[in-house]
Structure formats: C-alpha cells, structure tokens
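Have a look at the structure below before the remarks.
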Amino acid sequence: MQRDYDYLVIGAGMAADSAARGIRELDPDGSIGIVGEEVDPPVARPSLSKKLWTDPEFTLEQSWLGTEETGAALHTATRIRSVDRAARTATTEDGDVFGYRRLLLATGGHPKQLDLPDDSRIVHFRTMEDFRRLQGLAGEQRHVAVVGGGYIGTELAAALVQNDTRVTFVFPQEFVGGASYPHALAEQLSETYAARGVQLRPGTRVTGGTADAHGVHLTLDDGSTLDVDGVAVGLGISPATTLAEDAGLTVTDGVEVDAFGRTEDPDVYAAGDVANWPDPILGRTRVEHVENATDMGTAVGKVMAADTLGRDAEPYTHTPSFYSDLFDAGYEAVGTLDASLDLVTDWATPPGTGEEAAGVVYYLEGDRLRGVLLWNVWDSTDAARELLAAERGYTADDLVGAIPTS
C-alpha cells in the first residue's frame, strides 16, 4: 500500500508538530503525513521530566500538542526502514510505502543505552511511554536508581524524590552538575539534593546488572552493588541519522543542513534534535532542546511550503536557549555550558551563603564567549545572545555587570 503526501515528516516529536504548523502558515491545503516510531502522538517532551512530576495542576492531557489540528495524518508506532530519494518514497519495516513531494527528517534521537537486561523496570528515558513506565515504578517509597549526571538525570532525580520515591543518584562527576556549573554552585546543588533526600553516588558509573523477581541489581565501577526496584537512565541521546546516512545525505554530528533546513537534496530537509545547522551566533551546531525543536521546526516547515509554492523562503536565524528546574532553583542558558572552560561568575547571591544562589556565569574559551548561564536570573536570554553575537573578545571586567543579576 502506498500513501502520498505533499509533505512527509519522519519523526513525531515537537519538531514535527511545529513543522506541520509552519507549513499551514503558508499552505492551508497541502497534504501532510507524520510518521513516528513512538506509540503516542507528539507530546510536550519537557513535561515528561518536569511538570508532570512537580505541578499537581498540570495534567497528562495538557501534554499533548494537538497536532491533529493541522489536518496532518498521524502514523504512530511506525518505523521507516529506508528512504529512496530518486523515487521520493519512504518505506516502513512492514513494507508500506509513503510518497512525498517534500520530506522532513525530524527523527530526533535515541537514548544512549547501558549494558543492562531488557526489562520493563529499566527505563532509558525519552518518550511518553517511558514516562508511564517510570511513573509505575515510582511512589510508595519504592527505590529507583537514576543514572547519569546530565540534563535529564538531574531533572529525574529531583522529580522522583518529590514523588514519594527513594532515589539513589549515580553519576560520574564529583558534584551534581559538575560538568556544567562552577565548582561552588555544583557543590551547593549536591547539598540541596542530599538535603531533599536523594542518596548521592558521585564519581561512580554503572558497569552492568541483572534483574530478577526481587528487583534490579546494578554493579558499579567501585565494586559495589545497588539493589533497586527500578532504574531510570538519562545519559543523553544519539541523533537518529541512520536513514539520512543510508539515503546518501551528509551526516556529521547530525544531518547537515543549510540555514533554511535544506539538505543537499532540494526535496529533503531536517529540523530539531537531528539537524546540524549554521547558527548565526554559535556556528555550525546541533541542539537537543525544546526551543530549537519548536522554532526550527516552524521555520523549516515554512521553508518547505515556500519552496513548494514558489515563494521566497526565510532562513532560520534564531539562536535557541534552554532551561531547567531543579527543586527551588531554575536557570536559562544560551550556548555551551562546559565547566572546563574559563568561567567568570557574577553572583547576586553566591553559592554557599545558606540561601539559593542567583547570578550569571560566563563561559570563555580564551577571550571568546561561548556560553551564558542565568541561574535564578530570568528574562535575560536576549541579552546573553547579544553578548555571544558580538565579534570581539572579552575580559572578566567586561562581563561582570553586563547582564543584571537581579
């Protein structure tokens, strides 16, 4: 069976939803098909590790994006096996064929995997289905290990312990967030997690494990074992580039596209987590955060429609920010947060005072600004972008006070 669409989107995440909406801004009539591996339609992915755990007034129903409003045909739980660019078709693992006039690769990524048994109590966290499984493992003082000290791991450890769950947090850094934040801030964050009841296992990695009727048994690289009721793994994602590679498209860290989201094939585009594009401030980059998925998805959807209708297209020029909420603290950021860079800190309330820290951290490589962290400082991402965009070098004196800290 073959279905043909003017616009075919492979991937059914937030970039796909936004692309459909972008298409509709210019083309109200073209047919749109969205094909995704996940069993669910597009969902507001940040809620899976944030609001659904921490905001009692936020319901599961509020997480759905309502992609059907665009008139797109949704094909969930469907995996595309191959793309034939000459024939302009995409074929599923079951042999069904989708024809396209314009194709968008919004395939996102797959969670990085630990060498652990295939067991329902071990969740490599990414999807709504993963949220359901983890929710079923949480509460009633069950014991869950959270593995990975990055973005998702820190959010899940905080979320679970606030939901009547005993949490052991296994991560390789000396302190929570140690790879991203200044030492003093990471140390304070570790103290916060411990005070909120999270059992910390810093400087530790999971090397293997087993599962049986009594639970999941993890082995750690310090020689110890950890017996738990469930495991939540948050080690980041690997971009899902296999389709693009097999189709002969250029792939480096993600699918390479130009400022319009176009690959070297004029009928094939990419957006969201999987796309590697020339950001006007950060240079060629790939970003795995919601603002990029939604803004780039919308922009590239409009480009696809403009190309189809013979209109002038506009490039994607927005440099995305990202954010997180960790207990009573929160932050916004732009660019690279790498604690191994040279850091300039400008605190309104320094870490270690007994109060929640607040301030701005600037990340320098030589004299070039690479990232800005706004810790409990809000509505300043545009100011951070302006500093990052300036074609100049900076000293610490230039940066302290450049963004108001209160």
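Computed values, structure above
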item	result
Failed item, numbered, when ALA293 is tested on (1) without any contact (Cβ under 8 Å) to a residue 60 or more places away in the chain; (2) over 24 Å from ALA390 (Cα atoms); (3) not basic (Lys, Arg)	(1)
Complete set of residues in segment 92-104 that are part of a strand (DSSP E or B) and within 27 Å of the chain's Cα centre (by Cα)	THR92, ARG102, LEU103, LEU104
Positions within segment 136-164 being surrounded by 16 or more Cβ atoms within 10 Å (Cβ to Cβ) and assigned to a helix (DSSP H, G or I), in sequence order	LEU137, TYR151, ILE152, GLY153, THR154, GLU155, LEU156, ALA157, ALA158, ALA159, LEU160, VAL161
Matching option when the condition is within 21 Å of ASP325 (Cα to Cα), among the aromatic types (Phe, Trp, Tyr), within 21 Å of the chain's Cα centre (by Cα) and at pLDDT 95 or above, among PHE175, PHE169	PHE169
Checking GLN62 against (1) part of a helix (DSSP H, G or I); (2) surrounded by fewer than 20 Cβ atoms within 10 Å (Cβ to Cβ); (3) in contact with a strand residue (DSSP E or B) (Cβ under 7 Å, 6 or more places away or on another chain), the condition it does not meet	(3)
Pick from segment 237-287, criterion among the basic types (Lys, Arg) and more than 16 Å from TYR100 (Cβ to Cβ), ranking: farthest from the chain's Cα centre (by Cα)	ARG284
Test result for PHE131, part of a helix (DSSP H, G or I), open to solvent by less than 30 Å² (accessible area, probe 1.4 Å) and touching a residue at least 60 places away in the same chain (Cβ under 8 Å)	yes
Any hit, segment 143-152, residues being hydroxyl-bearing (Ser, Thr, Tyr) and at pLDDT 95 or above	no
Hits in segment 1-53 (condition: touching a residue at least 60 places away in the same chain (Cβ under 8 Å), surrounded by fewer than 19 Cβ atoms within 10 Å (Cβ to Cβ), over 15 Å from TYR269 (Cα atoms) and more than 23 Å from the chain's Cα centre (by Cα))	MET1, GLN2, ARG3, ASP4, GLU25, LEU26, GLY30
Residue satisfying condition, being in contact with a helix residue (DSSP H, G or I) (Cβ under 6 Å, 6 or more places away or on another chain), in contact (Cβ under 8 Å) with a residue 24 or more places away in the chain and of a type in the set (A, V, I, L, M), within set VAL170, VAL231, VAL198, VAL216	VAL198
Filter result for PRO404 (touching a Leu at 6+ places or on another chain (Cβ under 8 Å), more than 18 Å from THR336 (Cα to Cα), part of a loop (DSSP other than H, G, I, E, B) and of a type outside the set (Phe, Trp, Tyr))	no
Subset of segment 357-375 that is out of contact with any strand residue (DSSP E or B) (no Cβ under 6 Å at 6 or more places or on another chain) and either in a loop (DSSP other than H, G, I, E, B) or among the polar types (S, T, N, Q) (or both) - its residue that is least open to solvent (accessible area, probe 1.4 Å)	GLY366
Scan of segment 256-267 for residues that are aliphatic (A, V, I, L, M) and surrounded by fewer than 17 Cβ atoms within 10 Å (Cβ to Cβ), ordered by number	ALA259
Residue in segment 159-176 that is over 21 Å from ASP328 (Cα atoms) and among the charged types (D, E, K, R) present	yes
Answer residue from segment 389-401, given it is outside any helix (DSSP H, G or I), within 22 Å of GLY283 (Cα to Cα) and out of contact with any helix residue (DSSP H, G or I) (no Cβ under 8 Å at 6 or more places or on another chain) and is most open to solvent (accessible area, probe 1.4 Å) among those	GLU391
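Yes/no matrix, rows are residues, columns are (1) among the charged types (D, E, K, R); (2) more than 30 Å from GLY139 (Cβ to Cβ); (3) touching a residue at least 24 places away in the same chain (Cβ under 8 Å); (4) surrounded by 19 or more Cβ atoms within 10 Å (Cβ to Cβ):
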| site | (1), (2), (3), (4) |
| --- | --- |
| ASP222 | yes, no, no, no |
| ASP246 | yes, yes, yes, no |
| THR250 | no, yes, no, no |
| GLY254 | no, yes, yes, yes |
| ALA270 | no, yes, yes, yes |
| PRO278 | no, yes, no, no |
| GLY283 | no, yes, no, no |
| LEU309 | no, yes, yes, no |
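The values are calculated or read from the model by the stated rules, or taken from the named source; none is laboratory data. Just so you know, these numbers come straight off a predicted model, no measurement behind them. Virtual Cβ from ideal backbone geometry, glycine too; neighbours counted across all protein chains shown. Quick note on the areas: whole protein, heavy atoms, side chains included, nothing else; ligands and nucleic acids left out. Shrake-Rupley method; radii C 1.70, N 1.55, O 1.52, S 1.80 Å.
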